[in-house]
Amino acid sequence: MIYCDYNATSPILPKVKDAMLEAMRLPLNPSSVHSYGRHAKTLIEDARISIASSLGLNLRKDGYELGFTSSATEANNLLISNFLKGRIIISAVEHPSIMKYKEYYNNVEILSVDSNGIVDLEYLEKLLSDPVSPTLVSVMLANNETGVIQPVRDIARIVHKYGALFHSDLVQGPGKIELDILDMGIDFASISAHKFGGPLGAAALIYKPAYHIKPQIIGGGQERGLRSGTQNVPAIIGFGVAAKSCRSQDSKLRDELDRRIVEICPEAIIFGKDVGRLPNTSMIYMPNVSTNIQLIQFDRHDICVSGGSACSSGVVKLSHVLTAMNIEEDIANCAVRYSFGSESLSDDVEKIVEIWRRLYGEARSSESR
Ligand code: PLP
């Protein structure tokens with residue numbers, strides 16, 4: 001099996017699995033006052049510190065808090081739902097956990113992107129110069145489909161100049177590039193453990209307690225009242241271990257893939273290739289071969305890759321990211337995402353290129369018939 005879909009989820013790291021199995025041996029409820037409970041509390045506080053420090057934060061000193069959630073989808077929902085009575089500006093390429101708010105609320109405005117998928121900073125200034133309080137601006141760090149990295153420092157500077165607040169969905173960053181929340185100037189951030197060797201079902205919202213975020217789930221007041229419900233202790237421990245093991249990646253395999261594909265087919269399009277991208281990601285157009293056909297054929301050869309956005313039924317829909325980048329529909333419908341990770345090998349590139357060449361060659365010869 002060749003796994004080249006790390007932006008969807010990553011294999012769990014062996015040391016994460018070991019730490020989680022160890023935690024599962026004990027009855028660990030951090031709200032209990034007995035020694036198991038106190039042990040659980042210490043473990044999740046240690047994880048909280050490790051995760052924060054992997055993002056360049058010393059929580060108390062830097063004036064941030066980190067609350068555990070079940071997913072980044074939940075963390076994004078939790079934050080956005082706090083601004084529904086104000087104004088929310090989101091980029092046109094956000095993950096559906098943010099994007100979908102546009103369908104339900106008319107105070108959500110869309111910040112357009114250019115043909116590389118980078119947000120329009122002038123338009124952001126124009127939107128913000130019409131002051132509404134409170135205003136939240138949400139722009140992701142790196143796009144899950146194309147890997148394109150947004151100029152978050154510049155966005156933070158503009159947002160703060162107009163007295164608004166800035167949230168960035170950092171989900172695709174950890175394990176791929178170095179992150180420093182203070183340096184980026186972000187007020188709120190979301191991350192998810194399963195994208196960098198941690199378990200599914202553990203994520204976090206990083207926030208400034210000064211802004212009094214109201215919970216969506218109420219009850220026993222866990223996570224300092226941010227999210228009630230007994231914490232998933234083994235998953236949080238795994239999250240902490242994954243954060244400690246987090247290293248940035250180099251772009252060797254991805255660059256080799258890009259180079260080889262353009263050599264085979266100069267008309268291939270690598271979306272966002274002229275701007276900063278995650279070192280592991282490439283979304284590539286293969287002329288005249290639909291995303292679905294490519295995915296089926298790669299799968300037949302035991303290669304796991306993705307279309308732009310798969311909905312929960314697994315059906316590939318037209319990518320809202322490529323649409324926002326003004327890519328024509330017949331091109332967007334032939335795009336596949338390759339995302340490498342810690343276990344990827346140069347042999348994986350060879351195999352992907354071999355199948356790519358075959359599929360493209362077959363499409364060309366049936367066209368010329
Ligand atoms: N944000 C981005 C950019 C993502 O890529 C994803 C998952 O693909 C999410 C949010 C949602 O993360 P989770 O799977 O933890 O809900």
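Annotation: extensible slack from Asn58 through Leu84 equals 6.4 nm (criterion: 0.36 nm per residue apart, minus Cα-Cα distance). Projecting label points 7 angstrom from Cα along Cα→Cβ for Asn107 and Arg358 puts them 5.5 nm apart. Summary value for the stretch 293-369: 29 percent relative contact order, contacts being C-alpha pairs under 8 angstrom separated by 6+ residues. Pairs of Cα atoms nearer than 8 Å and 6+ residues apart set the relative contact order; for the chain it is 23 percent. Tell me, how many Å apart are the Cα centres for the stretch 99-153 and for the stretch 333-369? Spelled out, the Cα-based centre of one part sits 33 Å from the other. Residues in the stretch 116-131, backbone N under 14 Å from the label point at Tyr162 (7 Å along the Cα-to-beta-carbon vector): list them, ranges by number please. Under 14 Å, as judged by backbone N against the label point of Tyr162, lie 120-131 of the stretch 116-131. Across the alpha-carbon set of the stretch 186-334, the Rg to Rh ratio works out to 1.06, Rh being the Kirkwood radius. Pairs over the 21 Å Cα-Cα cut-off, from the set Lys61/Lys208; Lys252/Lys273; Lys61/Lys176; Lys176/Lys244; Lys41/Lys214: Lys61/Lys176; Lys41/Lys214. Note on the chain: along the principal axes its Cα atoms extend 74, 55, 34 Å, ordered by decreasing extent.
Between Gln216 and Leu26, the simple spin-label model (points 7 angstrom out along Cα→Cβ) gives 3.1 nm.
When each of the peptides 137-144, 12-19, 175-182 is scored by how many other beta carbons lie within 10 Å of its residues on average, the order from highest to lowest is 137-144, 175-182, 12-19. If each of Arg369 and His39 carries a label point 7 Å out from its Cα toward its Cβ, how far apart are those two points in nm? Each label point is offset 7 Å from its Cα along the Cβ direction, giving 6.7 nm. Given a cut-off of under 8 Å on Cα pairs at least six residues apart, what relative contact order in percent is computed for the stretch 62-172? Relative contact order for the stretch 62-172 comes out at 25 percent.
In terms of packing, defined here as the mean over residues of other Cβ atoms within 10 angstrom, the peptides 40-48, 128-136 line up highest first as 40-48, 128-136. Scanning residues 5 or more positions from Ile2 or on other chains, those with amide H under 5 Å from its amide H are Ile303, Cys304, with H placed 1.01 Å from N in the peptide plane.
For the stretch 1-142, the alpha-carbon coordinates run over 55, 44, 30 Å along the three principal axes, in decreasing order.
Calculated mean residue ellipticity, 222 nm, the chain: -11000 deg cm²/dmol, from DSSP H runs (n ≥ 4) at -39500 (n - 2.57) each, averaged per residue and rounded to 500. Take the Cβ atoms of Glu178 and Thr230, set R0 to 35 Å, and the FRET efficiency comes out at 0.55.
Any read-out appearing in this document is the output of simple, stated calculations on the displayed coordinates, not a laboratory observation. Source: prediction; values computed, not measured. As a convention, Cβ positions derive from the backbone with ideal geometry for all residues, glycine included, and neighbour counts pool all protein chains shown.
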